[in-house]
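Here's the structure we're looking at; comments come further down.
Derivation of every value follows stated rules applied to the coordinates shown; laboratory data play no part. It should be emphasised that the depicted structure is a prediction, and the values quoted were computed from it without experimental measurement. Reconstructed Cβ throughout: ideal geometry from the backbone, glycine too, with neighbour counts over all protein chains shown.
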Amino acid sequence: MSLKTHARSKAIHIMLVYTGGCNGCDIEIVNAVLSPKFDMEQYGVFLTWNPREADILVVTGPVTHDNKEPLIDIYNAIPNPKLVVAAGACAVMGGVYKNCYGDIPSEEIEGPVENVIPVDAKVPGCAVRPQDVLAGVVAALPHLLNAD
Amino acid sequence: MEEKKAKKQEIIETEIQMGTVHPAALEPYRVRFFVEDEIIKDAEITIGVNHRGIERIMEGLPVEKANMLTEKICGICSNAHTWNSVRTAEIGLGVEVPDRAVYIRVIVEELERLQSHLLYLGHGCETLAHETFSMRAFYIRETIMDLLGMIGGNRVQYGCSIIGGVRPRCELDDNRIRKILDGMGLVEKNVAEFADRFVHDSIVLSRITGTGYIPQEQALKLAITGPTLRATGVKRDLRTDMYEYDNFDFDIITQDTGDVKAQLLMRVFEIFESIKIVRQAIRDLPEGKITDRSWEMIDTGLIESYIEIPRGTLYHSYAIEDGRVRHSIVRTPSMTNIGAMQYACIDNHITDGQLCIVQCDPCFTCSDRAIEVYDTKNNKLDKSILQSNIH
């Protein structure tokens, strides 16, 4: 284990980006990291709102058209190595919004997240359970720690 | 040597804009603060990046499916949307809902109000930069989330209503009733301690007293709804008009001052009222079946339904044709409260700007609907009404 990996494993920073879901996953993820019951911070996982200090990008929502460019900008602003976790049914497969205009081709929904940025881990659920978010982040960690 | 001269001092007007993705704001929206010497002179909130067209997806779906879909409008008051959508269909089809089902719906809705208000307190205190209070509110909220998970089977999307009653999953047996009562006792004790600590904290009070003031007159003019309106002293609560709440005895809480302090205390007092309603509902819970399946699907004209949800008045409307939904319209309370958010920012310090927005309990995800504002006097489309009411 390199010194860098050792240091990084003590402070994993999550950034949450919200691309047009229903708020449910969002609150559950903030709940999972911050609230005293689940408290991911005790495992050394912190929530940040600055892409430049983030290691893991957690994306919720089906990526609406207006949110596509901000999402790509945020993804590019995160330094390497980085991971992307798609959390919730909307982010994983478009959810109920995928075919929002039926058979008519829709420009409104760009998602699932895979279509926009590469995804490393998927957390299913509507809304995601805090335990699942933790499991998803932990499952993706080896990629991050073995990166260099 | 040339004499040095100071630049003439003058007030510089700047524009500070945030969003659409910003640390201080969980949800994507854009706000522009027009600042003069660190004092906000005007604020403008733009939404629309979240638009997903739920009404369009509902169009042409079978009514039962469309009802389930409305749950996905908002992740905080999900049950309220299902309830109102189901209620719309019930009004149109003339379905009699069994008493027991009505009581269970009220219990779930009041539990939802509890979790929404506690989320508000948590979010509000976080925006106040008081993390200890925030964590405490989130901790109390977990009790409610467990109860909702127990009743509905999911922590967030737990809508319990179906046409003619509630889902069989949401039947309350003795074990569940005992758990709900235990939970209510715990929440009441914890919130009382929280509130007691909160109102005796002079540092917090100095920050929130007088901040984000909304006068009553302006609140009525902007047509804001829910606890945000009641905090300005207007005694208006749609629960008094709903037949579901006929048998319950509760007070409508109002506050006079209309500032952040009033808004926060408003929610605290409403929590106690909700606990009171849940206890009454459990005490008087009628026996009998929870679903009435003897209704028939018929074609109807346009049906409308208004209910009171944690953030204010919710409106659903659609017509039924061949068992399918036609011309669905949803109006959420945050939509009307946006005017209040913009107004509350004016004449406050820039550091309180976010607090003034959060005090109106925003939920921009549910408010991203396609709207048209009509000027009823001239009978024409007017996009400037929301803005012009402020000035």
Hits in the range B:33-62 (condition: buried (at least 22 other Cβ atoms within 10 Å of the Cβ) and more than 22 Å from residue B:362 (Cα to Cα)): B:57, B:58
Taking the conditions exactly as written (in contact (Cβ under 8 Å) with a residue 40 or more places away in the chain, among the hydrophobic types (A, V, I, L, M, F, W, C) and either closer than 30 Å to residue B:60 by Cα or crowded, with 17+ Cβ neighbours inside 10 Å (or both)), does residue B:224 satisfy them or not? yes
Take residue A:4 and decide whether it is basic (Lys, Arg), closer than 21 Å to residue A:131 by Cβ and either more than 17 Å from the chain's Cα centre (by Cα) or within 13 Å of another protein chain (Cβ to nearest Cβ) (or both). no
May I ask you to say which residue of A:41, A:69 is free of Cβ contacts under 8 Å to residues at least 24 places away in the same chain and within 27 Å of residue B:144 (Cα to Cα)? A:41
Scan of the range B:238-269 for residues that are surrounded by 15 or more Cβ atoms within 10 Å (Cβ to Cβ) and over 14 Å from residue B:361 (Cα atoms), ordered by number: B:238, B:239, B:242, B:244, B:245, B:248, B:250, B:253, B:254, B:255, B:257, B:269
Within the range B:63-82, the residues that are of a type in the set (A, V, I, L, M, F, W, C), part of a helix (DSSP H, G or I), at the interface with another protein chain (Cβ under 10 Å from one of its Cβ atoms) and crowded, with 24+ Cβ neighbours inside 10 Å are B:73
Please verify whether the range B:94-109 includes one or more residues that are buried (at least 21 other Cβ atoms within 10 Å of the Cβ), small (Gly, Ala, Ser) and either in contact with a Phe, Trp or Tyr (Cβ under 8 Å, 6 or more places away or on another chain) or within 8 Å of chain A (Cβ to nearest Cβ) (or both). no
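To keep it simple, each residue is scored yes or no on (1) among the basic types (Lys, Arg); (2) in contact with a strand residue (DSSP E or B) (Cβ under 8 Å, 6 or more places away or on another chain); (3) more than 28 Å from residue B:253 (Cβ to Cβ).
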{"residue": "B:72", "(1), (2), (3)": "yes, no, yes"}
{"residue": "B:84", "(1), (2), (3)": "no, yes, no"}
{"residue": "B:92", "(1), (2), (3)": "no, yes, yes"}
{"residue": "B:96", "(1), (2), (3)": "no, no, yes"}
{"residue": "B:119", "(1), (2), (3)": "no, no, no"}
{"residue": "B:127", "(1), (2), (3)": "no, no, no"}
{"residue": "B:131", "(1), (2), (3)": "no, no, no"}
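Let's see how each residue does on (1) within 12 Å of another protein chain (Cβ to nearest Cβ); (2) in a helix (DSSP H, G or I):
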| residue | (1), (2) |
| --- | --- |
| B:154 | yes, no |
| B:172 | no, no |
| B:179 | no, yes |
| B:182 | no, yes |
| B:186 | no, yes |
Exactly one of these conditions fails for residue B:90: (1) at the interface with chain A (Cβ under 9 Å from one of its Cβ atoms); (2) on the phi < 0 side of the Ramachandran plot. Give me its number. (1)
